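Notes follow once the structure below has been shown.
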């Protein structure tokens, strides 16, 4: 399989940057938000996590799926306007999946939706800790 060096996830809801998750193979992490419009904390937290978290996460990415990278702009956009960018950075190439959709209509492919959900889940413990230790 192609060597994955980092994952970049950015979600905009109604043009507001509501979620940032950037994971790197050395354990570096960037995280902001929960992917909702009502989250009051707009700070970006940067730190280091156990690199095995990254390795376990990328193990679920199948190389065959990389051929589906591209821009998906759905015609019907009901609800809040969303733009999800999911980028897989490999040693020699990047694969970008961009989805423009409505919150109440068809959105990202199920595999990308699962990867997004899992990224939130695996980074939540670190994110919560950062927010509680740096917020006055």
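Readers should treat all values here as calculations from the given coordinates under stated rules, not as data from a laboratory. Keep in mind that what you see is a predicted model, and the values were worked out from it rather than measured. Ideal geometry is used to build each Cβ from the backbone, glycine not excepted, and the neighbour counts take in all protein chains shown.
Label sites at residue 113 and residue 94, each approximated as a point 7 angstrom past Cα along Cα to Cβ, lie 2.7 nm apart. Okay, helix-only estimate at 222 nm for the chain: each DSSP H run of n ≥ 4 adds -39500 (n - 2.57), divide by all residues, round to 500 deg cm²/dmol; what do you get? That comes out to -8000 deg cm²/dmol. Taking a ≥ b ≥ c as the square roots of the eigenvalues of the Cα gyration tensor, the chain is oblate, since a/c reaches 1.5 or more and a/b is not larger than b/c.
Beta carbons within 10 angstrom, averaged per residue: use that to sort the peptides 46-56, 60-70, 79-89, 114-124, highest first.
Details: 46-56: 13.5, 60-70: 11.9, 79-89: 17.9, 114-124: 16.1.
So the order, starting with the most tightly packed, is 79-89, 114-124, 46-56, 60-70.
Subtracting the Cα-Cα distance of residue 132 and residue 44 from 0.36 nm times their residue separation leaves 30.3 nm of extension gain.
Stretched out fully, how many nm does the piece from residue 26 to residue 103 gain, at 0.36 nm a residue minus the Cα gap? It would help to have the intermediate numbers written out before the result.
On the way: separation 77, 0.36 × 77 = 27.72 nm, distance 3.35 nm.
The span from residue 26 to residue 103 would gain 24.4 nm if fully extended.
First check a/c for region 56-136, with a ≥ b ≥ c the square roots of the eigenvalues of its C-alpha gyration tensor; if it is under 1.5, answer rounded, and if not, answer prolate when a/b is larger than b/c or oblate otherwise. Verdict is oblate for region 56-136. Distance between the 7 Å Cα→Cβ label points at residue 71 and residue 52: 4.2 nm.
One decimal place: the segment residue 62-residue 3 gains 20.1 nm when fully extended, by the rule 0.36 nm per residue minus the C-alpha distance. With the contact rule set at Cα under 8 Å and sequence spacing of 6 or more, what percent relative contact order holds for region 10-89? Relative CO of region 10-89 lands at 33 percent.
Given axes a ≥ b ≥ c from the Cα gyration tensor, I'd like to know whether region 48-97 is rounded (a/c under 1.5), prolate (a/b larger than b/c) or oblate. Prolate, because a/c is 1.5 or more and a/b exceeds b/c.
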